[in-house]
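**Student:** Handing you a structure now.
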Amino acid sequence: MGAGGRMTEKEREEQEQVARATGGGAAVQRSPVEKPPFTLGQIKKAIPPHCFERSVLRSFSYVAHDLATAAALLYLAVAVIPALPSPLRYAAWPLYWVAQGCVCTGVWVIAHECGHHAFSDHALLDDAVGLALHSALLVPYFSWKYSHRRHHSNTGSLERDEVFVPRTKEALPWYAPYVHGSPAGRLAHVAVQLTLGWPLYLATNASGRPYPRFACHFDPYGPIYGDRERAQIFVSDAGVAAVAFGLYKLAAAFGLWWVVRVYAVPLLIVNAWLVLITYLQHTHPALPHYDSGEWDWLRGALATVDRDYGVLNRVFHHITDTHVAHHLFSTMPHYHAVEATRAIRPVLGDYYQFDPTPVAKATWREARECIYVEPEIRNSKGVFWYNSKF
């Protein structure tokens, strides 16, 4: 063990190799909840300085790559797949939907990076690129940018975090044991979460923090936003409306089914990946949550977990396997995040969480085990852990 009882980097890597070899995740070893023996400055010093440098040309190269790939897939969808004989055509459409959904998730991640000012050194350029890319995916760019910024400012806080805020057992609805207590109920819950979770979050703040009145990402005068942000919410709404109108014109010209199979189904897959990635980053038996009396920013930022999505790590620009580093330094461009993660792991020790469990298995495990949070000692306060017992 390393200094202070923490695992060394070599010991942690050996643990992960054992977990992969046995087909499961790393043993659930709860993250430490004591105040870390390091500071954010010490973590930053471990990262090579060039990892914080943003390059306009390099960032745009990823945009060009993703858009070119999406355009090539679109060409296949409109010119090649319809000309295939029936059996091949029916098999080709699902392949197109999955491939285009994954590629456009990468586009989504780049727009997310723009919202963090990690795309370039120019905030106006970042917002212009982010607005264009997110609007194309029917995402209100500025609306989400501001709520997501508050998520980063309050990660792990039961009162102030913005997304996938867990409830206490007492706050669960009456039907929760019936939904989460059976495989059929859990499967239905996961299916609804992946298909409707993202639009419901934008429209009704589903799974978000409670507000004193109805909260909606499309409402410039809603409680999510301050007075200085409201004008940009109108801009976000206009961007989504413009794309929606374009889709209407396409449906009028080529038919509704054409728009559904070329655009809408891949978008559903993008939305599903977005929800799943976010859910798995912040939902794990080893992750604590804190009430207002115990929470601080650094421990909250460390209350997230890196996952392994295989080849999709690269397609998703490593938002999946470098999320801890992203929460610590959100203005760092994605193309330096892998190197930065390797650099900070020895400093973080047990405060760094990585779970190599296959995504499908991890999703089912978290849906089964992470139902609500409660303090380890009943009726106490401070640190809360996931539980599933009814």
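**Student:** Kindly check whether there is at least one residue in segment 307-316 that is open to solvent by less than 10 Å² (accessible area, probe 1.4 Å), in contact (Cβ under 8 Å) with a residue 40 or more places away in the chain, in contact with a helix residue (DSSP H, G or I) (Cβ under 7 Å, 6 or more places away or on another chain) and not hydroxyl-bearing (Ser, Thr, Tyr). Lay out the reasoning, then the answer.
**Tutor:** Our first condition is that a residue be open to solvent by less than 10 Å² (accessible area, probe 1.4 Å); within segment 307-316, this holds for 307, 316.
Okay, now just the ones that are also in contact (Cβ under 8 Å) with a residue 40 or more places away in the chain, so 307, 316.
Within this subset, residues satisfying the condition of being in contact with a helix residue (DSSP H, G or I) (Cβ under 7 Å, 6 or more places away or on another chain) are 307, 316.
Now narrow it down to the ones that are not hydroxyl-bearing (Ser, Thr, Tyr): 307, 316.
Looking through segment 307-316, at least one residue is open to solvent by less than 10 Å² (accessible area, probe 1.4 Å), in contact (Cβ under 8 Å) with a residue 40 or more places away in the chain, in contact with a helix residue (DSSP H, G or I) (Cβ under 7 Å, 6 or more places away or on another chain) and not hydroxyl-bearing (Ser, Thr, Tyr).
**Student:** Of the residues 336, 317, which is out of contact with any Ser or Thr (no Cβ under 8 Å at 6 or more places or on another chain) and part of a helix (DSSP H, G or I)? It would help to see each step written out before you state the result.
**Tutor:** Numbers: 317 fails: part of a helix (DSSP H, G or I).
Selected residue: 336, the only one of 336, 317 that is out of contact with any Ser or Thr (no Cβ under 8 Å at 6 or more places or on another chain) and part of a helix (DSSP H, G or I).
**Student:** Ok, one more. Does at least one position in segment 321-344 carry a residue that is over 23 Å from residue 52 (Cβ atoms), of a type in the set (Gly, Ala, Ser), open to solvent by 20 Å² or more (accessible area, probe 1.4 Å) and over 14 Å from the mean Cα position of the chain (by Cα)? First the steps, then the outcome.
**Tutor:** Residues of segment 321-344 over 23 Å from residue 52 (Cβ atoms): none.
Checked against the condition, which is being over 23 Å from residue 52 (Cβ atoms), of a type in the set (Gly, Ala, Ser), open to solvent by 20 Å² or more (accessible area, probe 1.4 Å) and over 14 Å from the mean Cα position of the chain (by Cα), segment 321-344 yields no hits at all.
**Student:** Another question about this same structure. Could you please tell me which pairs satisfy a Cβ distance under 6 Å, a separation of 6+ or placement on different chains, a first residue in segment 215-232 that is closer than 12 Å to residue 146 by Cα and in contact (Cβ under 8 Å) with a residue 60 or more places away in the chain, and a second residue that is small (Gly, Ala, Ser) and outside any loop (DSSP other than H, G, I, E, B)?
**Tutor:** 217/143; 224/147
**Student:** Output the number of the condition that residue 217 fails; it satisfies all remaining conditions of (1) open to solvent by 30 Å² or more (accessible area, probe 1.4 Å); (2) at negative phi; (3) touching a helix residue (DSSP H, G or I) at 6+ places or on another chain (Cβ under 9 Å); (4) not in a helix (DSSP H, G or I).
**Tutor:** In the conditions (1) open to solvent by 30 Å² or more (accessible area, probe 1.4 Å); (2) at negative phi; (3) touching a helix residue (DSSP H, G or I) at 6+ places or on another chain (Cβ under 9 Å); (4) not in a helix (DSSP H, G or I), residue 217 misses (1) alone.
**Student:** Here is a follow-up. How many of the residues in segment 242-284 are open to solvent by 40 Å² or more (accessible area, probe 1.4 Å) and without any contact (Cβ under 8 Å) to a residue 40 or more places away in the chain?
**Tutor:** Of the residues in that region, 12 qualify.
**Student:** Shifting gears a bit: Which condition number in (1) among the charged types (D, E, K, R); (2) open to solvent by 10 Å² or more (accessible area, probe 1.4 Å); (3) touching a residue at least 24 places away in the same chain (Cβ under 8 Å); (4) farther than 21 Å from residue 191 by Cα is the one that residue 355 fails?
**Tutor:** Residue 355 satisfies every listed condition except (2).
**Student:** So, of the residues in segment 175-200 that are among the aromatic types (Phe, Trp, Tyr) and free of Cβ contacts under 8 Å to residues at least 40 places away in the same chain, which turns out to be nearest to residue 161 (Cα to Cα)?
**Tutor:** Out of the qualifying residues, it is 175.
**Student:** For residues that are within 30 Å of residue 346 (Cβ to Cβ) and surrounded by fewer than 17 Cβ atoms within 10 Å (Cβ to Cβ), tally how many sit in segment 44-97. Quick ask: steps written out before the conclusion?
**Tutor:** The initial filter retains those residues of segment 44-97 that are within 30 Å of residue 346 (Cβ to Cβ), namely 44-55, 58-59, 62.
Filter again for surrounded by fewer than 17 Cβ atoms within 10 Å (Cβ to Cβ), leaving 45-46, 48-50, 52-53, 55, 58.
Total satisfying the criteria: 9.
**Student:** Considering only residues that are in a loop (DSSP other than H, G, I, E, B) and at pLDDT below 95, look in segment 358-387 and name the one that is surrounded by the most Cβ atoms within 10 Å (Cβ to Cβ). I'd like the intermediate steps shown before the answer.
**Tutor:** To start, the set of residues in segment 358-387 that are in a loop (DSSP other than H, G, I, E, B) comprises 358, 370-371, 376-382.
If we keep only those that are at pLDDT below 95 as well, we get 376-382.
Details: 376: 13, 377: 9, 378: 6, 379: 6, 380: 10, 381: 12, 382: 15.
That would be 382.
**Student:** If you scan segment 110-123, which residues turn out to be in contact with a helix residue (DSSP H, G or I) (Cβ under 9 Å, 6 or more places away or on another chain) and open to solvent by 10 Å² or more (accessible area, probe 1.4 Å)? Let's see the steps before the verdict.
**Tutor:** Residues of segment 110-123 that are in contact with a helix residue (DSSP H, G or I) (Cβ under 9 Å, 6 or more places away or on another chain), as a first pass: 110-122.
Of everything in segment 110-123, those that are in contact with a helix residue (DSSP H, G or I) (Cβ under 9 Å, 6 or more places away or on another chain) and open to solvent by 10 Å² or more (accessible area, probe 1.4 Å) turn out to be 112, 113, 115, 116, 117, 121, 122.
The values are calculated or read from the model by the stated rules, or taken from the named source; none is laboratory data. For clarity, every value in this text was computed on a predicted model and none was experimentally measured. With ideal geometry, Cβ positions are generated from the backbone for all residues, glycine too; neighbour counts draw on all protein chains shown. Please note that ligands, DNA and RNA were not included when accessible areas were found on the heavy atoms of the full protein model with its side chains. Shrake-Rupley method; radii C 1.70, N 1.55, O 1.52, S 1.80 Å.
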